[in-house]
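Student: Have a look at this one before I ask anything.
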Amino acid sequence: MTDPVISPDGKWMWTGSDWIPAPPAAEPVSVSMQDSVIAGDVNITQNSAEDIANAMVSALEKIDLESNLSSKELDDTERSLSLQLIVARDDGNRKDEAFLLTEMGKVHLERNNIISLGNAEDCFYAAFPIYDEIGDIAGYLRNQLCVLECKVRYGDGWMRDSGIKDVMTKANENGIPLNLIFNESTPYHGIYR
C-alpha cells in the first residue's frame, strides 16, 4: 500500500481525483511499564488488631443514628468485642467467635434503632452456622431468642410466643435445661426461673 499524498502544508490529502481534508496526524503513544515488585518499591502494611477494631468501631459510629447507652460506653464495649472477635478468628476459636458475634449483636440490640437492629440481626445470623458447626445447641437457641427480640422490636411481636415455644421445645428435645437458655444474658430471661 502506497503512502497517501499530503499537501506541503499538511492540511490536505490527494485521493487520486480530489483534495480532501487530511485526517488528524496520529500522535506517537509512549508506554512506560514498571514492575514494582522487581524494582523493590512495594510496601506492605499490616494493621494491628487494635487498628482494625478501631476502624470497625469508627465505621459503625458513622452509620449509627442514635443510642440508648452513652457513646463512651458503647465505644469501649464495641472496641473490646471487636478485638476479642479478631483474636478468636485468628486463633480459629469458633466457639468464642460465635459467642462474641452474639454479644456484639446484643450491643446493637441495646441501641434500639432501625439501623442497629439490622446490624444486630447480621451478627446473630452470622453466629448460627458456627453454633451448628461446633454443635452448641444451647448457644444456638440463646442466639435464636436474640433474633426473636429483633423481630419483636421491628414490630413482629406476634411471633414472640410461638418463637419462645419453639426454643423451649428444641431445648427439651435436646435435653438442655431451660435455665441454660433463659438466663440473664438473653432476652426473655424472666420467663423461666
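Taken together, the values in this text are just the output of simple stated rules run on the coordinates, not laboratory data. Quick caveat, the model's predicted, so the values are computed rather than measured. All Cβ positions, even for glycine, are placed from backbone atoms using ideal geometry, and neighbour counts span all protein chains on display.
Student: Hey, got the Cα dimensions of the range 87-183 along the principal axes, in Å, largest first?
Tutor: 40, 35, 19
Student: Non-local amide H neighbours of W12 (under 5 Å, H modeled in plane, Pro and chain starts lacking H): which ones?
Tutor: Those lying under 5 Å, H to H, from W12 are S7, A22.
Student: If R₀ is 45 angstrom, what is the calculated FRET efficiency for the pair D166 and D90, using the beta carbon separation as r and rounding to 0.05?
Tutor: Using R0 = 45 Å, I get an efficiency of 0.80.
Student: Taking K and R as +1 and D and E as -1, what net charge do the other residues with C-beta under 14 Å from the C-beta of D96 add up to?
Tutor: Counting the neighbours of D96, the net charge comes to -3.
Student: If only Cα atoms are counted, what is the Rg of the range 100-143, and what is its Dmax, in Å?
Tutor: For the range 100-143, the Cα radius of gyration and maximum Cα-Cα distance read 10.5, 32 Å.
Student: Taking 2.2 N^0.38 Å as the expected size of a compact globular protein, what ratio does the Cα radius of gyration of the range 140-193 give against it, to two decimals?
Tutor: With N residues counted in the range 140-193, Rg over 2.2 N^0.38 Å equals 1.04.
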